[in-house]
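Novice: The structure follows.
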Amino acid sequence: MGCGSSTTTVDYSLKKSERAMKAAILIQRWYRRYTAHLEVRRRCTWTIFQSIEYSGEQDQIKLYNFFSSLMDHFTPSNTKERDLITSIFSEKEINEEMELEKYYDFENIKLPEGYKGPHLCFPLTASHAAALVEAFSHKQHLHARYVLQLLLETWKLLKLMPNINRVSTCYNKEITVCGDLHGKLDDLLLIFYKNGLPSVEKPYIFNGDYVDRGKDSIEILMILFAFLLVYPNQVHLNRGNHEDYIVNLRYGFTKEVMHKYKVHGKKILRLLQIVFSWLPLATIIDQKILIIHGGISRSTDLDVIATIDRHKVCSTVLIPQIPLEVFWIPVHQTDAMDTNSCKTGCTFLLTTEVMDKMKRISGSDSRPLNSISKGMRLSVDEELERCRKQVGLSDDTRVSLLLSESDTEQYEASELENAEWKQVVDILWSDPVNQEGCIPNVVRGGGCYFGPDVTKEVLEKHNFQLLIRSHECKQDGYEFCHDRKVLTIFSASNYYEEGSNRGAYVRMGPDLIPHFVQYQSSKTTRKLTMRQRVSRVERSAIRDLREQLFAHRCDLLRAFEQCDKTKKGKISLNDWANTVESVMQLGLPWRILRSQLVPNTTDGHIDYQAWFEHLAIEQPIKETPQSSSLLETLYRNRSNLETIFRLIDSDNSGLISFEEFRQTWKLLSSHLNTEISDQAISDLARSIDFNKDGNIDINEFMEAFRLVDRNPS
């Protein structure tokens, strides 16, 4: 009896343990599926944000590639058009120190009696810099007088610095390296809270992209420049691709400065343009670690970078133009020349050496923009052919161009400027990839994709063991690649949306082993569960993607109609996915995203007319059949249009006249290769001139084309 009871108890215990084990396995399987599903959603969301971001950068590069082409092709029909083009492309001369101080004249800018912001005294001390951090953490505003003075002092210091800073860990316990901040002051304050303020014992390296996208870019600059002045040997600032006055026109920094400093904003922006051009390009730790903002290419040469006149590269977006007159100069015949003269009495001589140099420049290796523009090459070819015909030469006869000594120097200087520009572009814009080789970075539109072999080649050449770069947002704030020879560090958390990514910084001691610190500056995000964070970010990404789809409505509609062989207004899910990708060119997993973008399907087919209605987007301006296409085109290219708008608005007043608006649209239509009548442009201008004063406010203009949800829920 006792034995049987004992056996029954054992059997029951075994069955109970077995059931518990099965339950645990089921829970484990369910959790793995759950986390895998969340990870898929997270990665799709990330891909959406990144694709839209890089698409915008492509547009920026294409726009200025168009500007470069415009310089070669555009023939002004009147003085106004000539002045317009000149104002866009001419770079103002950088003044000497005495002239700069006289021009900015900060001493005569009076502080208002009610000013409660921080006060600065020069030379700055550590307490001044710390007080600035404290003031900005409480949302206080630094007066324009101090901003200008701080920028001037920073410029004087930067001029004394080399292109490549070299630092050592032997005098310090650790060096902290930070990546992109992009105007996110909360992240910088959190870094200082966790890691300590810059000091002799706490050196920092900040790796570029301090501005744009975020709303507190100017405050970040003021803090970093203040600490740079206090600790010039412990605080090191590299230049990023967003420390560029042309890029700032598109991504918000110009707008931020003009909003915060309405009276002196123009002077601040002009001085910042100079300061940005003097920022160092790289930092090297212990001769073992190279820190640059973007990346490298096969042609990256630190010996060349160290000797570049970096301040001449005010913008990496505008390609240096080689003056055409350098190549084509009429030379009057002399007895010393054995040449064939033209009917005009002048001789054109083109040497083999010069032709070879031209070919080398126009046939660059790693960047499609790094070339003499097509228009210039055509002009050279046409002029060469004309001269041949005029002097009766056959096609295989060599015509030489005799350059004077000064002309030769001008040509060589232009060629050198182009080569230096390319070196800077590559280190500020490039990204690493897993594939071997070095190819143009077609996703961003600038710089290179460099593979593990390129990394190995460049690091071995200079005896480095690690390349630290930034430039790319990473979900965890950092990421290794290329057999852990390349480290990406990104310090702006919640970059795309709250909860989208962590920020991070890295500390290294004399052993040069990286130690990472991750964070998220949003307290709200830290309280959310993983599922809540993914859902929140996902909704934001889908909303942005719907706007992109709606902006290409006409193109998508035409493409859908071509797939709709039965003309019933329906296409298959497979055709829908292929067509959307062919039009949008975003490289997204459309089949996975289909359930969130296309709520209703019938027998595996999509009613594409009804689909556009389900995008739940509308335009606040009433459309007519004639204006619909124009409005959509304007919205789709609103960033380009705003950039051109700000270029034309040279006094940063925020206003342009109807005539300037017409010229703006004419430039954009040339860029897009579209034809819009002057009457349609005039009607549009009048419709958005809300106060009827004959001028268009840029903010009202952009507001007029904002897309809003039909269904707020």
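Novice: Set the Förster radius R0 to 56 Å, insert the Cβ-Cβ distance between V200 and R591 as r into 1/(1 + (r/R0)^6), and round the FRET efficiency to 0.05.
Specialist: 0.50
Novice: Here's another thing I want to ask about it. Given a 1.4 Å probe, how much area per residue of region 176-233 is accessible, in Å²?
Specialist: 26 Å²
Novice: Still on this model: Can I get the semi-axes of region 463-617's equivalent ellipsoid? Compute them from the C-alpha gyration tensor as square roots of 5 times the eigenvalues, in angstrom, largest first.
Specialist: In descending order, the three semi-axes are 42, 19, 11 Å.
Novice: Please work out the Cα center distance from region 546-566 to region 237-298, rounded to the nearest Å.
Specialist: 39 Å
Novice: Relative to the compact-globule scaling 2.2 N^0.38 Å, provide the ratio for the alpha-carbon radius of gyration of region 561-611.
Specialist: Taking N as the residue count of region 561-611, the ratio is 1.07.
Novice: Oh, and also: Loop-only trypsin sites (Lys or Arg not before Pro) in region 99-137, please: DSSP not H, G, I, E or B, and at most 15 other Cβ atoms within 10 Å.
Specialist: Passing both the DSSP loop test and the Cβ count: K110, K116.
Novice: Give a quick list of GluC sites (Glu not before Pro) in region 118-202 that DSSP marks as loop, anything other than H, G, I, E or B, with at most 14 other Cβ atoms within 10 Å.
Specialist: E201
Novice: Region 210-290: which chymotrypsin sites (Phe, Trp or Tyr not before Pro) are DSSP loop and have at most 14 other beta-carbon atoms within 10 angstrom?
Specialist: When the chymotrypsin sites (Phe, Trp or Tyr not before Pro) of region 210-290 are filtered for loop state and at most 14 Cβ neighbours within 10 Å, nothing remains.
Novice: In region 118-263, what percent of the accessible surface is made up of carbon and sulfur (1.4 Å probe, ligands and nucleic acids excluded)?
Specialist: C and S fraction of accessible area: 56 percent.
Novice: Among K266/K422; K102/K422; K102/K266; K267/K422; K184/K456; K184/K461, which pairs are too far apart, with a Cα-Cα distance over 27 Å?
Specialist: K266/K422; K102/K422; K267/K422; K184/K456; K184/K461
Novice: Using a simple charge model, +1 on the beta-carbon of Lys and Arg, -1 on the beta-carbon of Asp and Glu, nothing else, what dipole does region 178-280 show about its Cα centre, in debye to the nearest 20?
Specialist: 420 debye
Novice: Additional query: Need one word for region 107-176: rounded, prolate or oblate. Basis is the Cα gyration tensor (sqrt eigenvalues a ≥ b ≥ c); a/c below 1.5 gives rounded, then a/b vs b/c decides.
Specialist: Oblate, since a/c reaches 1.5 and b/c is not below a/b.
Novice: Restricted to Cα positions, what overall size does region 169-283 have along the principal axes? Three whole-Å values, descending.
Specialist: 44, 26, 22
Novice: How many Å³ per residue does the convex hull of the Cα positions in region 543-582 occupy?
Specialist: Hull volume normalised by residue count: 70 Å³.
Novice: Can you tell me the accessible area per residue over region 437-550, all protein chains present, probe 1.4 angstrom, in square angstrom?
Specialist: Normalised by residue count, the accessible surface of region 437-550 is 41 Å².
Novice: Considering only protein heavy atoms and a probe of 1.4 Å, how much of the accessible area of region 480-553 is carbon and sulfur, as a whole percent?
Specialist: Roughly 42 percent, rounded to a whole number.
The values are calculated or read from the model by the stated rules, or taken from the named source; none is laboratory data. Keep in mind it's a predicted model, so treat the numbers as computed, not measured. Note that each Cβ is placed from the backbone with ideal geometry, even for glycine, and that neighbours are counted across all protein chains shown. Accessible surface areas use protein heavy atoms only, side chains included; no ligands, DNA or RNA. Shrake-Rupley method; radii C 1.70, N 1.55, O 1.52, S 1.80 Å.
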